């Protein structure tokens with residue numbers, strides 16, 4: 001599945017599930033997305049998802065960011 005399609009589906013579902021019903025204020029979602037091939041362990045995957053999530057938060061509310069290896073890192077050529 002293309003990354004943009006996946007992000008669009010996540011955004012649509014979160015909008016439907018988290019829309020305020022009048023009693024609850026609207027909630028926003030900022031998420032980091034990591035492909036399974038980008039990590040050798042669950043711990044590494046969570047670390048990379050955190051990096052992507054904080055980039056989403058930096059960009060603003062309701063943002064989804066895919067993890068990208070830093071250009072100077074050894075893993076930049078992988079995935």
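The values are calculated or read from the model by the stated rules, or taken from the named source; none is laboratory data. The model shown is predicted, which means the values in this text are computed figures rather than measured ones. All Cβ positions, even for glycine, are placed from backbone atoms using ideal geometry, and neighbour counts span all protein chains on display.
Taking residue 69 as the residue in question, decide whether it is in a loop (DSSP other than H, G, I, E, B), surrounded by 13 or more Cβ atoms within 10 Å (Cβ to Cβ) and at pLDDT below 90.
On the way: in a loop (DSSP other than H, G, I, E, B): yes; surrounded by 13 or more Cβ atoms within 10 Å (Cβ to Cβ): yes; at pLDDT below 90: yes.
Here the answer is yes, as residue 69 does meet what is asked.
Taking interchain pairs and intrachain pairs at least six residues apart, which have beta carbon atoms under 8 angstrom, with the first residue in region 56-79 and over 16 Å from residue 30 (Cα atoms) and the second at pLDDT below 80 and exposed (fewer than 13 other Cβ atoms within 10 Å of the Cβ)?
Final answer for the pair search is 69/76; 69/78; 70/76.
In region 35-66, what residues are touching a helix residue (DSSP H, G or I) at 6+ places or on another chain (Cβ under 9 Å), closer than 23 Å to residue 12 by Cα and modelled with pLDDT of 90 or more? Outline the logic, then answer.
First, the residues of region 35-66 that are touching a helix residue (DSSP H, G or I) at 6+ places or on another chain (Cβ under 9 Å): 35-36, 38-39, 44-45, 48, 62-66.
Applying the additional criterion that residues be closer than 23 Å to residue 12 by Cα yields 35-36, 62-66.
The answer is 65, 66.
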